[in-house]
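**Student:** Structure provided below as structure tokens; questions to follow.
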Amino acid sequence: MTVNQGLRAIAGIVVFVSVLLGYYVNPYWFILNGLVGLNLLQSAFTDWCPAMLILRKMGLKE
């Protein structure tokens, strides 16, 4: 798995879990979806994301 694939997997998991939490627990969890979306948008332009640092330290390839 590469860093980009890992980043997409993490984003997908967080979005899916926050939708479930927003629907079943509290609608404020939907804010997390917005934050993930903003982070993905900024990483598209800057090619940097905090999760990428963690994934690199875990040994994922570029």
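**Student:** Please give the net charge around Ile10, taking every other residue with its beta carbon less than 15 angstrom from that of Ile10, where Lys and Arg add +1 and Asp and Glu add -1.
**Tutor:** Spelling it out: positives minus negatives among the neighbours equals +3.
**Student:** What number in nm² do you get for region 3-57 if you take the convex hull of its Cα atoms and divide its surface by four?
**Tutor:** Mean projected area of the Cα convex hull: 3.6 nm².
**Student:** Evaluate the distance, in nm, between pseudo-label points positioned 7 Å from the Cα of Trp48 and of Glu62 along their respective Cα→Cβ axes.
**Tutor:** With each label point 7 Å from Cα toward Cβ, the separation is 1.6 nm.
**Student:** On to the next question. From the phi of every residue in region 24-30, what ³J(HN,Hα) in whole Hz does the Karplus formula 6.51 cos²θ - 1.76 cosθ + 1.60 yield, where θ is phi - 60° and glycine or proline is x?
**Tutor:** Working through the residues one at a time gives 9, 10, 7, x, 5, 5, 5 Hz.
Each reported figure results from applying straightforward, stated rules to the coordinates on display, with no laboratory input. Because the structure is predicted, anything quoted here is derived from the model rather than measured. Glycine also receives a Cβ, built like all others from the backbone with ideal geometry; neighbour counts cover every protein chain displayed.
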